[in-house]
1. Quickly run through the stretch 211-224 and pick out the residues that are of a type outside the set (A, V, I, L, M) and either free of Cβ contacts under 8 Å to residues at least 12 places away in the same chain or under 23 Å from Pro274 (Cβ atoms) (or both).
2. Taking the criterion of being under 21 Å from the mean Cα position of the chain (by Cα), within 19 Å of Tyr18 (Cβ to Cβ) and not hydroxyl-bearing (Ser, Thr, Tyr), would at least one residue in the stretch 409-419 satisfy it?
3. Here are some residues: Phe169, Phe150. Which one is of a type in the set (Phe, Trp, Tyr) and open to solvent by 50 Å² or more (accessible area, probe 1.4 Å)?
4. Being under 27 Å from the mean Cα position of the chain (by Cα) and small (Gly, Ala, Ser), is that true of even one residue in the stretch 42-50?
5. From the list Ser65, Ser77, Ser119, which one is within 16 Å of the ligand (Cβ to nearest atom), hydroxyl-bearing (Ser, Thr, Tyr) and assigned by TED's automatic domain parsing to the domain that holds Glu337?
6. Test of understanding: among Val355, Val338, which residue is at pLDDT 95 or above, open to solvent by less than 40 Å² (accessible area, probe 1.4 Å), part of a helix (DSSP H, G or I) and away from the ligand (no atom under 16 Å from the Cβ)?
7. Taking the stretch 380-400 only, how many residues are closer than 9 Å to Phe313 by Cβ and assigned to a strand (DSSP E or B)?
8. Collect the residues in the stretch 219-254 that are open to solvent by 10 Å² or more (accessible area, probe 1.4 Å), away from the ligand (no atom under 16 Å from the Cβ), closer than 18 Å to Pro286 by Cβ and in contact with a Ser or Thr (Cβ under 8 Å, 6 or more places away or on another chain), keeping them in residue-number order.
Amino acid sequence: MSILLEHAELLLRDAAGYRTLHDGYLGIRGSVIDYVGESAPEAPYARRLDMRGKLVMPGLINCHSHIPMVLMRGIGSGLGLHEWLFETIFPIEDRLVREDVAAASRFALLEMIAGGTTSFSDMYFFPDETVRAVAEAGVRANLNRCVQCFDENQTVEENHQIKESLALFEQYHGAENDRIRIDFSIHAEYTCKPRIARAYSALCAERGARMHLHLSETEREVRECIERYGVTPVAWFEQMGTFDSPTAAAHCVAVSAEDRAILRAHHVSVIHNPTSNLKLGSGFAPVREMLDEGINVALGTDGAASNNNLNLFEEMHLAAIMHDGYHRDPTLISDTEVLDMATVNGAKLQGRDDVGVLAVGKKADLIAIDLSRPHLYPVFDTPALLTCSAQAGDVCMTMVDGKILYENGEFLTLDAEKIKAQMRAALARLYA
Ligand SMILES: [Zn+2]
C-alpha cells in the first residue's frame, strides 16, 4: 500500500530544532516514509489524502506504562506510593486472571491510539496477552515480563517470572515486522533480591536485550535501600550488573549528582512521569540537570491507576511547565526539549532509531492534529501549541508502520464495541 498525504502542515526536526513545512507532501510506501517535500512527488501513490488544516507530526512514544491497569483507574486516589501500591493495588492484582489483562490491554489501546500514541514500553503480568493485543491493534511496543523476588535464597530456577520472561523473549522478540520487541525487566530494587537481580541481569546482557526498571521514585525508596545495602538504588543496580544492558529507568525523582553520574556513564535512559510523580506526591525529578548532563530523558504516563489516563499530551504539558514553576524559572525546560522527550528521545530509549521523526527512510509512525479546533488558533509557535494547547482529542489520524489505525474517530483495526463489552465483563469478575 502507498499513501500520499497532501497539503499538510508537516512538523519536521533538524539540527536547529522543529520547523513546520506549510502545504507539504509526505509519501508512504509500505511501512516507510519515502517522500517529504513542498511540491507533489512524481511517483504515483495508491491513495491520496487531503490533509488541509491538519498538522502531521511524529507519533508519540509512551516509554513507561502498565496499560492493563486501566482496570484500576481512580482506585486509591489520595494515597502515597507505598500505601497505594502495597495496600491497594497489589491485593487487586493478586486476583487478576489472563482474560482481565487481555480485555484491559485492548481497552487501553483504544485510548492510546485515539490519543496519538504510536509506540509504548509496558511492564505488566500476562504480557503475552498484551503482545496479542498489540499485534492485533497494529501499534508498536516494547513489552516485558517483569521480575520480582521476595526471598533472598530463591534461585533462578525457582523464579517462575524469569522463566516466563525468557520464554516471552524467545517467542516474540522482533515479531510483527519488528513492531513488537521484548525487553527484560526488574520491577524495582525494593521488590527484588540481589541474587535474582544479579543472575537475571546477566541473562539480559547475554541476550543483548534491553532492561526496564522503576528507579529511585521516592526519597523513601532511596532511604530504605541505603538502610538495607548501604547504597542508593542506582548504585545497587550498577553493582548487580543491570546497567551492562541498555536500560530504561522510570521516574529517577530522588537521584543525587553521584547517581546521575552513574546513569550517564552507563547510558541509562530516564523516563519522566510528571503526572504520576505529582499525583503520588513523589516530587520533582531533576530533569534540567539530567538533560544538561547528557542523559536521555523520555516521557511516560505510568499506569492509569496513578495518572489517571494514558494521555501523553498531558505529560508534555506538565513536563513543559512544572519544572519552570517549581524552580521559578520560565526558561528552564523548552517546548523543543519536551517534544523531543515524547518522540526522538523515546525512540532512542526503545532502541528504535527508525522512528521518532518525519524523514525519508524512517518508519511511517505519525499522527495528524485537527487545527480547526478553537483552542489551536492562531498558530504562532508550533512547539508551544503542541505542548501547551493541544489535547489528545485533537488527534484525527494515527498511523503506525504505514498503516492507518485510527481516522476521524473510527478504529480501523480494533472492534471498540466488542472490546468495551469484554472490559465490562473483566471489571464485573475482578470486583465481584
Ligand atoms: Zn510504573
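The values are calculated or read from the model by the stated rules, or taken from the named source; none is laboratory data. Keep in mind that this is a model prediction, so the values were computed, not measured. Heads up, the Cβs are rebuilt from the backbone with ideal geometry, glycines too, and the neighbour counts pull from every protein chain shown. Ligands, DNA and RNA are stripped out before the accessible areas are found, and what is left, the full protein with its side chains, is counted by its heavy atoms. Shrake-Rupley method; radii C 1.70, N 1.55, O 1.52, S 1.80 Å.
1. Across the stretch 211-224, the qualifying residues are His212, His214, Ser216, Glu217, Thr218, Glu219, Arg220, Glu221, Arg223.
2. So far as the stretch 409-419 goes, no, none of its residues is under 21 Å from the mean Cα position of the chain (by Cα), within 19 Å of Tyr18 (Cβ to Cβ) and not hydroxyl-bearing (Ser, Thr, Tyr).
3. Phe150 is the lone residue from the list that is of a type in the set (Phe, Trp, Tyr) and open to solvent by 50 Å² or more (accessible area, probe 1.4 Å).
4. No - not one qualifying residue is present in the stretch 42-50.
5. Ser65
6. One residue alone meets the criteria, Val338.
7. Going through the stretch 380-400 one residue at a time, the tally reaches 1.
8. Selection gives Val222, Thr232.
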